[in-house]
1. With all protein chains present and a 1.4 Å probe, how do PHE51, PHE153 order by accessible area, largest first?
2. Please find the FRET efficiency linking ALA45 to GLN4, where r is the Cβ-Cβ separation and R0 is fixed at 25 Å, and quote it to the nearest 0.05.
3. Please give the per residue accessible area of the stretch 8-137, computed with a probe of 1.4 Å over protein heavy atoms only, in Å².
4. Which FRET efficiency value, to the nearest 0.05, do you get for ASP81 and GLU115 by plugging their Cβ-Cβ distance into 1/(1 + (r/R0)^6) with R0 = 35 Å?
5. Taking amide H positions as placed in the peptide plane 1.01 Å from N, state which residues far from LEU173 in sequence (5 or more) or on other chains have amide H under 5 Å from it.
6. With a 1.4 Å probe and every protein chain kept in, tell me what percent of the accessible surface of the stretch 22-162 is carbon plus sulfur.
7. For the stretch 1-32, which trypsin sites (Lys or Arg not before Pro) are both in a DSSP coil and crowded by at most 15 other Cβ atoms within 10 Å?
8. Based on a Kirkwood Rh over C-alpha pairs, give the Stokes-Einstein translational diffusion coefficient of the stretch 1-123 at 10 °C and viscosity 1.306 mPa s in µm²/s.
Amino acid sequence: MFAQIAILGSDIVPGDILKRLPGVPVVSKADVDPRYPHSQTLTMADGSLYFIDPGQMYDVVREAPKPSAGVLVVGDTTTPDGLAIVTALAHEVADRMQLPAVVAMGRDYDVRDFEAVVYDELSYLESVDSAVLWAEALEEDMSVMSSRELEAFDVAASCTWCGADDEDSEPVLVAGTWLPADLCTPCAREARRQGGSSRHLATI
């Protein structure tokens, strides 16, 4: 999927398509020449050159990042309070690990579909479903991590889609999946507008 975003010229990368040059993606970008600090040269897919100002904003169309297998978050979700705790843990997983996070609702999941399993260490043994999923992940020799171990990961401070600095952004819940870590406000709005896709884990 593609979306239009506004970024600085310095943040344009190969594959981006400038709104003013539709259908012609950027192939490469030359470093800024010290003699011309306000000019940077883009080589386009059709062989043409395009000059940009690294400090100016440009509207570009960019492909959303490829999906990650994500993380399955397990814990006791049989009560409203338990579900709230495990959901908050999934939010934290997305924020810190910068991977999509799915709350396991029941036992109908194949742990091998995920990169890792994170469990709520206070409740995962209180539910048969979550205990079984935790045990299956161990049997598959997967990466299995407790909620306490998440503290080793820093909270993301930039948008994982467009790369913009945004310390106030939050993970976004789309189609039952917390999207990978932080999205800036424009990217989060686009994610909500599109409502995810039919793939295993929601995307922008």
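The values are calculated or read from the model by the stated rules, or taken from the named source; none is laboratory data. A quick note: this is a predicted structure, and the numbers were derived from the prediction, not measured. Because the Cβ atoms are built from the backbone with ideal geometry, glycine has one as well, and the counts that use them run over all protein chains shown. Just the protein is used for accessible areas: all its heavy atoms, side chains included, with ligands, DNA and RNA removed. Shrake-Rupley method; radii C 1.70, N 1.55, O 1.52, S 1.80 Å.
1. Sorted descending by solvent-accessible area, the residues read PHE51, PHE153.
2. Numbers: r = 18 Å, r/R0 = 0.73.
Once rounded, the FRET efficiency stands at 0.85.
3. That works out to 51 Å² for each residue.
4. 0.80
5. LEU179
6. The value for the stretch 22-162 is 52 percent carbon and sulfur by accessible area.
7. LYS19, ARG20
8. 90
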